[in-house]
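Bear in mind these aren't lab numbers, they're just calculated from the coordinates by the rules spelled out. These numbers come from a predicted model, not from an experiment. As a convention, Cβ positions derive from the backbone with ideal geometry for all residues, glycine included, and neighbour counts pool all protein chains shown.
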Amino acid sequence: MNDMHDAIHKRRGNTVVHEILDRLIEYTRIHFVVEESLMRILDYPEYEGHKKQHEGLLRHVSELSEKAEVGNTAIGFELMHFLKIWLTKHIMESDKRYTDHFLRAGAKPQLKHRSWVSRLWE
């Protein structure tokens, strides 16, 4: 999201949107595989619904990538808007819900550096 914001600010959004979308898709797939694996290992009761949210994000990002392929010049702003909504709705609400379950199941990350992500586990 920060990369896209910088590119738009520098008026390079259209030239880097493919690269940013490719990196986003790769990162997201890896992240979701890890997260969903933990959900299965720790028997998270809302796993199926959460997985569907992940599939929806990947589908939407793929659609944005297809729009960028055909030269949609507003894709950067659409991507920024979508990511902002995703960050606030999914991560801060849906992901926050599984942290209590993970902690009750005995998961406790050993993080050396505290970040906003580590607060999800508190």
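For His60 and Arg104, the difference between the fully extended length at 0.36 nm per residue and the C-alpha to C-alpha distance is 12.6 nm. Take the Cα of Met92, step 7 Å toward its Cβ, do the same at Tyr27, and the gap between the two points is 1.8 nm.
Local charge for Arg29 was computed over the other residues whose Cβ lies under 15 Å away, with Lys and Arg +1 and Asp and Glu -1, and equals -2. For segment 47-62, backbone phi angles converted through the Karplus equation (6.51, -1.76, 1.60; θ = phi - 60°) give residue-by-residue couplings of 4, 4, x, 5, 4, 5, 4, 4, 4, x, 5, 4, 5, 5, 5, 5 Hz, Gly and Pro being listed as x.
Shown is the FRET efficiency for Lys51 and Glu19, computed with R0 = 35 Å from the Cβ-Cβ distance and rounded to the nearest 0.05: 0.80.
Taking each of Lys51/Lys96; Lys10/Lys89; Lys52/Lys96; Lys84/Lys108; Lys67/Lys96; Lys52/Lys89 in turn, the alpha-carbon distance tops 26 angstrom for Lys10/Lys89; Lys84/Lys108; Lys67/Lys96.
Here the extension length gained between Val34 and Lys10 equals 5.2 nm, from 0.36 nm per residue of separation less the Cα-Cα distance. Summing charges over neighbours of Ser65, with a neighbour being any other residue whose Cβ is under 14 Å away from its Cβ, gives -3 when K and R count +1 and D and E count -1. Taking other C-beta atoms within 10 angstrom as a stand-in for reagent exposure, Ser94, Ser37 fall in the order Ser37, Ser94, fewest first.
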